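The values are calculated or read from the model by the stated rules, or taken from the named source; none is laboratory data. Since the structure is predicted, the reported quantities are computational estimates derived from the model, not experimental observations. Every residue, glycine as well, gets a Cβ built from its backbone with ideal geometry; the counts of neighbours run over all protein chains shown. When the accessible area is computed, the model is the full protein with side chains, heavy atoms only, and any ligands, DNA or RNA have been set aside. Shrake-Rupley method; radii C 1.70, N 1.55, O 1.52, S 1.80 Å.
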Amino acid sequence: MLRRTAPAVLVTLLCALALFGTTTQTWIHAGVTTSLQPVTVDVTGSDAAPAVTALGLVAAVAAVASVLGGRWLRSVVGVVVALAGAGAVVAVLAVTTDARAAAQPTVGTRTGVINEGGDYALTGWPWGAVAAAVLLGLCGVWLVLVAQRVRRQASQRYDRAAVTGAGAQGGDGEASATATSGTPAPGDVGTPTTVGQAQAAEHADDIDTWDALTRGEDPTGD
């Protein structure tokens, strides 16, 4: 079972780590003017979108946990991973839509200046995060499908084993009933060596022997 789910779990873990890795890079170059001089502040993804970092870690931990659990846990993990990927896409797109709002807290902390002006330029890393998040969501769906397929295959194997066991018990019951009642099975019609016929022959021999003794004859003599 683990061999069938390992590829999905491994790819999920890689996508989660890739998403987390993008947040360690610079997402926004913020150019602001202070009272002394213009300053450029590099804002990382973890500062611009802390939720993306958290969701990447959640997905990675969930992927590792799915290895230790059963089919139901893998289904739950798949749903969690898919939701994490969707949430990460929304969070990243919020940054790309309004880079100034995303960078302003970090810029204010580092420069002590909060104003409406400035130049906020996005790097390519937010789009890399979007790609990783989309792949992560697809991996979540993959995990759910794999868990469902493994559960279905296990159920089919159980059903086949149950049917085989019932057939074997039915065959034994038929043989026992035939031996007890002396009625031949359909495949044994015309066979003179059944248990019931042998018992009838022995009973007829006993009657003949008794009749011979009654007549004063020796039943052992020919």
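Points worth noting:
- All of (1) open to solvent by 60 Å² or more (accessible area, probe 1.4 Å); (2) among the β-branched types (Val, Ile, Thr); (3) free of Cβ contacts under 8 Å to residues at least 60 places away in the same chain hold for Val89 with one exception: (1).
- Which listed residue is at pLDDT below 90, surrounded by 17 or more Cβ atoms within 10 Å (Cβ to Cβ), more than 13 Å from the chain's Cα centre (by Cα) and in a helix (DSSP H, G or I), from Val32, Val107: Val107
- Ala63 being part of a helix (DSSP H, G or I), in contact with a Ser or Thr (Cβ under 8 Å, 6 or more places away or on another chain) and closer than 16 Å to Leu143 by Cα: yes
- Hits in the stretch 110-128 - residues which are within 23 Å of Leu57 (Cβ to Cβ), open to solvent by 40 Å² or more (accessible area, probe 1.4 Å) and outside any helix (DSSP H, G or I): Gly124
- For the stretch 40-58, a residue qualifies if it is open to solvent by less than 40 Å² (accessible area, probe 1.4 Å) and over 13 Å from Ala129 (Cβ atoms), and the qualifying residues are Val41, Val43.
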